[in-house]
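Visitor: I'd like to ask some things about the structure below.
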Amino acid sequence: MKFDLKKFLADRSVPIMFIIICSVCIPLSGFSTGYLLNEIVTRIVRNTFLILSLLIPIMAGMGLNFGMTLGAMAGEIALIFTSDWQIWGIPGVVLAMILSIPISILLGTLCGTLLNKSKGREMITSYIISFFINGIYQLVVLYMMGPIIPIIHEAIKLPRGYGIRNTVSLLNLRQSIDNLISINVFGVKIPVLSFVIIILLCLFIVWFTKTKLGQDMRAVGQNMEVARAAGINVERTRVLSIVMSTVLAGFGMILYLQNMGNIATYSSHSQIGMFCIAALLVGGASVDKASIGNVFLGVILFHLMFIVAPKAGTVITGDSMIGEYFRVFISYGVITLALVMYEAKKHKKKKMAEGSDDEK
Amino acid sequence: MSENVLEMKNIQKSYYGTTVLHDINLSLKEGEIVGLVGENGAGKSTLMNILFGDEVISSTGGYEGEIKMFGKTVHIGSSSDALRLGIGMVHQEFSLIPGFTATENILFNREPIKTNFVSNVFGDRLDTLDRKKMREVAKSAIDKVGVKIDDDMLVSVMPVGHKQFTEIAREISKDNLKVLILDEPTAVLTEKEASTMLESIKSLASKGIAIVFISHRLNEILDICNRVVVIRDGYVVKDSDIDKITVEEITKQMIGREVDTKARKTRSNQSNDIIMSIKNLYVDMPGENVKNLSLDVRDGEILGIGGLAGQGKLGIPNGIMGLYDAEGEVIYKNEKININDPMSSLSRDIAFVSEDRRGVGLLLDESLEWNISFLTMQVKNKFLKNLFGKLISFRDNSEIKNVTDNYIDALNIKCTSSKQKAKELSGGNQQKVCLAKAFAMNPKFLFVSEPTRGIDVGAKALVLDALKDYNEKHGTTVVMISSEIEELRQICDRIAIVSDGKIAGIYDASESVEKFGALMIGANAA
Ligand SMILES: Nc1ncnc2c1ncn2[C@@H]1O[C@H](COP(=O)(O)OP(=O)(O)OP(=O)(O)O)[C@@H](O)[C@H]1O
Ligand SMILES: [Mg+2]
């Protein structure tokens, strides 16, 4: 019927908006194509793995899940250990990943179990849980590391003798994966190994949707009662989806930090969840539907905008602070917009029948 | 005959202190079809939910009594237990995953799988699905039910009939099936589909599966059952072989009186003014598309709309009330209605009782009072007390309670009080609440879609009478959509038959059933 084009555009309004913003800002910023491509490649390598970890809970109907922040903390703790033990380079990265697994599983199980008690409000609950666990993380890192958990090197401890410094340098590990096999295409540095890892994860996710567990998660995501009547253990399936997401987020955080080259001990993880969710939404995902395509489109658009918008802002206003302000403002804005649009859609049918927007 | 496959002994169940099943005994033999009948709210679904280990039962305190299979006592605490024991169920409300295809639903949680090296390490749930095998199994199950369902079609876009057959196919494809519970499987089907369904039920029984069949269509019970069990207010009041009982007697056992079903006589004092004129209507409703339909509705009449499932009769009210995308012109009392905006028709006192009571009809977690008064309050600002002019208005709770109690009486809604939640009512009683909600609006024009779906014989007459009375007392024009031509003939003045998205013809209700039948199958294009 004739409304199809309108619907097609309406469903993709967020990415379209970002494409417009970027195409206005790119010429204003005056950056060269080579520079922009290099920057974009870096951002893809840095963030994609983390964002991909959000897909599995969405599939299981648990929405945009801040539980991934817990995985990020697990990854940081693992890296603190490996750098204390001075295991650098690729062995360091691999060891950190292995170490992060038990911590992620523990935190993921806790988070998943709590989310089972608040079905239908997973997003906000996981957001609060991430604050709560952040408190515990600080307790562990700030007070327990040193006196209780042995830390050998003074260099990463605070001057007072216990607790971890604000920044832990990963200089000896920096970009060890990115640089292992890297080629140069027309002046753009392509870290081949990092891309291979990301592609492997994509393949894993595609494969996973074809497994029994993947099928069960999709079913649970659509209708828990029906799934239960068919004999599926709904609660366990949901916990598993969160655990998988935290473990992947842990890996993602380690890859992210090896690219950055240092850990901001008390803040690296704090906004990562929000930026990943915002990027995914910019890529056209919604609370109950997200694809690998959304992830890539999202990383590119969201970060392209952060590269060009501050410069464009400076050109227009002459104020360089506008950039950081923009970043946070836009992230929250996108998330709010996406949530409102999702709720509106969800209740559209209902509203039509009831003449109001009351809950089901 | 052979030993009992299943025995339920002294089953008792209460919900929050109200006992809904008292001391029920029910047994089933191999290959036997037992018809379970009773009024709305008699306890049929509850009994079957106990047998299937449904969560409603365990979460409301479980049940008392004993269940035996093949002479051994079994414990059924959850649906997985029931499935393991070979008990399958087709629920009164659809139990399908909307975003899955027919194939995926038929084999849901029983998918054929292929092991791989990951699953060898991490466990079975990481086996991959064997799509090819799934399709084969699903196709052969679909062949057995005798209806051509597209195995690749998503359930969410299927016509209702196909959803029902998908559920049957799911049960048929189970190898270990010993007992099959069918809770009103034919309620949403047209007569033709229903007879196909009955055939496949019979062929299942001939393979030795014991079947419990619940239906409000008593001739179906007589047609396929070996035995009939009548439940009334939670007691078994009759357990008889089928050849020793008649429809009249079953009805009497169920409700204690006889019911009359005659076609309505033509009314002489009908006006010829057109109140609503529908021109070139197109509605995009999956499985019920309307294509270029035109129809005039006369002021004050009861107009029936019949036709086979999938031909588009349900699309008409859903399109005009703005629930599905529609195009075309609808003139109501000489004014054009914006058909894609529900408020446009609601504010003109046009009301709609949807066939989809769970989806759009009811707020399941709310009380009956709220369900009945809500829309009226919203659209017409009724049931409100005003303070300081109109500055502050709040709900007039006593008025709401009065009105609700009136409808509970008039429609004989079985409930503990007007404060009970809608989801706690039996299926048929929920249907009555939907009607009450529409009546409370005081509509000038009323669309009712499948108003007697899932309603027992006694209550059916009550509902039809209520519609007729309402029409006579208030002069409300009623357009009633139904798959049952018999019930249309009982109360309508004229009946239009929809075929292929268009009106195939309109006759007075007193015309013969055969003439309407001919229109339905397109033999007599008007
Ligand atoms: N979840 C519940 N909580 C409280 N009461 C309930 C619940 N489910 C059903 N009931 C009550 O139990 C009684 C029996 O309901 P049941 O659904 O078994 O009736 P039914 O025989 O299947 O009727 P119908 O033909 O209308 O489907 C009804 O009075 C109903 O109100
Ligand atoms: Mg029932």
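The values are calculated or read from the model by the stated rules, or taken from the named source; none is laboratory data. For clarity, every value in this text was computed on a predicted model and none was experimentally measured. Reconstructed Cβ throughout: ideal geometry from the backbone, glycine too, with neighbour counts over all protein chains shown. We work out accessible area using only protein heavy atoms, side chains counted, and drop any ligands, DNA or RNA first. Shrake-Rupley method; radii C 1.70, N 1.55, O 1.52, S 1.80 Å.
Visitor: With both bridge residues required to lie in chain B, what share of the DSSP beta bridges run antiparallel, to the nearest 5%?
Guide: Numbers: 50 of 85 bridges.
Counting DSSP beta bridges with both partners in chain B, the antiparallel share is about 60 percent.
Visitor: Stokes-Einstein diffusion coefficient for the stretch A:1-69 at 25 °C in a medium of 0.890 mPa s, Rh from the Kirkwood formula over Cα pairs: what value in µm²/s?
Guide: Numbers: Rh = 15.3 Å.
Roughly 160 µm²/s, to the nearest whole number.
Visitor: Test of understanding: in a Gaussian network model of chain A with alpha carbons linked when under 10 Å, which of A:GLY161, A:GLY92, A:GLY221 would top the mean-square fluctuation ranking?
Guide: Comparing A:GLY161, A:GLY92, A:GLY221 in the GNM, the peak value goes to A:GLY161.
Visitor: Hey, another quick one. Taking Cα atoms of the stretch B:138-215, Rg/Rh with Kirkwood Rh, to two decimals?
Guide: Working: Rg = 11.8 Å, Rh = 12.7 Å.
Across the stretch B:138-215, the Cα-based Rg/Rh ratio is 0.93.
Visitor: Oh, and also: Could you derive backbone 3J(HN,Hα) for the stretch B:170-183 from the dihedral phi with the Karplus parameters 6.51, -1.76 and 1.60 (θ = phi - 60°), listing whole Hz in sequence and x where the residue is Gly or Pro?
Guide: Couplings: 4, 5, 4, 6, 7, 6, 8, 5, 10, 10, 10, 9, 10, 8 Hz.
Visitor: Compute the angle between helix B:427-440 and the longest alpha-carbon principal axis of chain B, please, reported from 0 to 90 degrees and rounded to the nearest 10.
Guide: Helix B:427-440 and the main axis of chain B meet at about 10 degrees.
Visitor: Between A:TYR35 and A:HIS153, take the C-beta separation as r, use R0 = 45 Å, and let me know the FRET efficiency to the nearest 0.05. Walk me through the numbers on the way to the answer.
Guide: Numbers: r = 37 Å, r/R0 = 0.83.
Taking R0 as 45 Å, the efficiency between A:TYR35 and A:HIS153 is 0.75.
Visitor: On to the next question. With 5 Å bins from zero, work out the P(r) of the stretch B:363-442 over every alpha carbon pair and list the percent per bin.
Guide: Binned Cα distances yield the sequence 3, 16, 29, 24, 14, 8, 4, 2, 0.
Visitor: Straight distance only, please: which aspartates and glutamates reach the Cα of B:LYS207 with their own Cα at less than 14 Å, same-chain residues fewer than 8 apart left out?
Guide: In chain and number order, the partners are B:GLU30, B:GLU32, B:GLU171, B:ASP175, B:GLU199.
Visitor: Further, regarding this structure: Whole-Hz ³J(HN,Hα) for each residue in the stretch A:130-135, computed from phi via Karplus 6.51 cos²θ - 1.76 cosθ + 1.60 with θ = phi - 60°, x for glycine and proline: what do you get?
Guide: Coupling constants for the stretch A:130-135: 5, 5, 4, 5, 4, x Hz.
Visitor: Given the stretch B:396-526, report the % of alpha carbon pairs whose separation exceeds 21 Å. The partial results should precede the final answer.
Guide: Working: 4036 of 8515 pairs.
Beyond 21 Å sits 47 percent of the P(r) for the stretch B:396-526.
Visitor: Mind scanning B:LYS163/B:LYS515; B:LYS9/B:LYS419; B:LYS252/B:LYS414; B:LYS238/B:LYS419 and naming the pairs with a C-alpha gap bigger than 22 Å? Display every interim value, and only then the final one.
Guide: On the way: B:LYS163/B:LYS515 30 Å; B:LYS9/B:LYS419 33 Å; B:LYS252/B:LYS414 19 Å; B:LYS238/B:LYS419 33 Å.
Listed pairs above 22 Å: B:LYS163/B:LYS515; B:LYS9/B:LYS419; B:LYS238/B:LYS419.
Visitor: I've got another one for you. Per residue, how large is the accessible surface of the stretch A:5-353? Use a 1.4 angstrom probe and give square angstrom.
Guide: Values: 14920 Å² over 349 residues.
For the stretch A:5-353, the solvent-accessible area averages 43 Å² per residue.
Visitor: Tabulate in residue order the Karplus-calculated ³J(HN,Hα) for the stretch B:185-195, using 6.51 cos²θ - 1.76 cosθ + 1.60 with θ = phi - 60°, rounded to whole Hz; enter x for Gly and Pro.
Guide: Along the stretch B:185-195, the couplings run x, 9, 4, 8, 9, 6, 4, 5, 4, 4, 6 Hz.
Visitor: So what are the three principal axis dimensions of chain B from its Cα atoms, in whole Å, longest to shortest?
Guide: Dimensions of chain B along the principal axes of its Cα atoms: 68, 53, 49 Å.
Visitor: Turning to a different aspect of this structure: What does the highest-first list of A:11-20, A:78-87 look like by mean Cβ count within 10 Å?
Guide: Working: A:11-20: 15.6, A:78-87: 20.3.
Per-residue mean Cβ counts within 10 Å order the peptides as A:78-87, A:11-20.
Visitor: While we're on this one: Count, for each residue of A:219-226, the Cβ atoms from other chains sitting within 10 Å of its Cβ, then give me the mean as a whole number. All intermediate terms of the calculation are to be shown ahead of the outcome.
Guide: On the way: counts 7, 1, 2, 7, 7, 1, 7, 10.
Per-residue shielding by partner chains comes out at 5.
Visitor: Considering only DSSP beta bridges where both residues belong to the protein assembly as shown, give the percentage that are antiparallel (nearest 5). Let's see the in-between values first.
Guide: Details: 60 of 96 bridges.
Around 60 percent of the beta bridges assigned by DSSP in the protein assembly as shown are antiparallel ones.
Visitor: For the pairs B:LYS13/B:LYS174; B:LYS192/B:LYS313; A:LYS6/B:LYS313, flag any whose C-alpha to C-alpha distance is greater than 19 Å. Walk me through the numbers on the way to the answer.
Guide: On the way: B:LYS13/B:LYS174 29 Å; B:LYS192/B:LYS313 16 Å; A:LYS6/B:LYS313 28 Å.
With Cα atoms farther than 19 Å apart: B:LYS13/B:LYS174; A:LYS6/B:LYS313.
Visitor: Counting residues in the protein assembly as shown as N, plug N into 2.2 N^0.38 Å and put the Cα Rg over that result.
Guide: The value comes to 1.09.
Visitor: Just check the stretch A:16-115 against the gyration tensor rule for me: Cα atoms, a ≥ b ≥ c as the square roots of the eigenvalues, rounded for a/c under 1.5, and otherwise prolate or oblate depending on whether a/b exceeds b/c. Display every interim value, and only then the final one.
Guide: Values: a/c = 3.72, a/b = 1.43, b/c = 2.59.
Oblate is the answer for the stretch A:16-115, as a/c is 1.5 or above yet b/c matches or exceeds a/b.
Visitor: Another question, if that's okay. In what sequence, highest mean first, do A:234-245, B:3-14 appear when ranked by Cβ atoms within 10 angstrom? Spell out each step's value before the answer.
Guide: Numbers: A:234-245: 22.9, B:3-14: 17.4.
Put in order of decreasing packing, that is A:234-245, B:3-14.
Visitor: Then there's this: Mean 1/r over all different Cα pairs, inverted: what Kirkwood radius does chain A give, in Å? Show your work: numbers first, answer last.
Guide: On the way: mean 1/r = 0.0462 Å⁻¹.
After inverting the pairwise mean of 1/r, the radius is 21.6 Å.
Visitor: Pairs of Cα atoms under 8 Å, at least six residues apart: use those to get the relative contact order of the stretch B:179-243, whole percent. Write down the numbers at each step before the final one.
Guide: Values: 61 pairs, mean separation 20.0, N = 65.
With pairs under 8 Å counted, the relative contact order is 31 percent.
Visitor: Report, by chain and number, residues whose modeled amide H sits under 5 Å from the one on B:GLU355, excluding near sequence neighbours (fewer than 5 apart, same chain).
Guide: HN-HN under 5 Å from B:GLU355: B:SER449.
Visitor: Also: Report relative contact order for the stretch A:5-353 in percent, whole number only (criteria: Cα-Cα under 8 Å, sequence separation at least 6).
Guide: Details: 516 pairs, mean separation 114.7, N = 349.
Dividing the mean separation by the residue count of the stretch A:5-353 yields 33 percent.
Visitor: May I pose another question? Is there a simple number for the mean count of other chain Cβ atoms within 10 Å of the Cβ of residues in B:77-85, and what is it?
Guide: Numbers: counts 0, 4, 7, 6, 1, 2, 3, 1, 0.
That average works out to 3.
Visitor: Hey, got the average number of other protein chain Cβ atoms within 10 angstrom for residues in B:110-118? List each step's numbers first, then the result.
Guide: Working: counts 2, 4, 0, 3, 2, 0, 2, 0, 4.
Across the residues of B:110-118, the mean count of other-chain Cβ atoms within 10 Å is 2.
Visitor: Let me ask something additional. Mind checking which lysines have their Cα closer than 21 Å to the Cα of B:LYS444? Skip sequence neighbours fewer than 8 apart in that chain.
Guide: B:LYS279, B:LYS333, B:LYS336, B:LYS380, B:LYS382, B:LYS432, B:LYS468, B:LYS473
Visitor: So how much accessible surface do B and A hide from each other in total, probe 1.4 Å, in square angstrom to the nearest 100? Don't skip to the end; give the middle numbers.
Guide: Values: alone 23390 and 17540 Å², together 37400 Å².
The B and A chains share an interface burying roughly 3500 Å².
Visitor: Based only on the alpha carbon positions, what is the Kirkwood hydrodynamic radius of the stretch A:221-335, in angstrom?
Guide: About 16.7 Å for the stretch A:221-335.
Visitor: Hey, what did chain B get for relative contact order, percent, Cα under 8 Å, at least 6 apart? Present the calculation step by step, with values, prior to reporting the outcome.
Guide: Numbers: 1097 pairs, mean separation 80.5, N = 526.
Dividing the mean separation by the residue count of chain B yields 15 percent.
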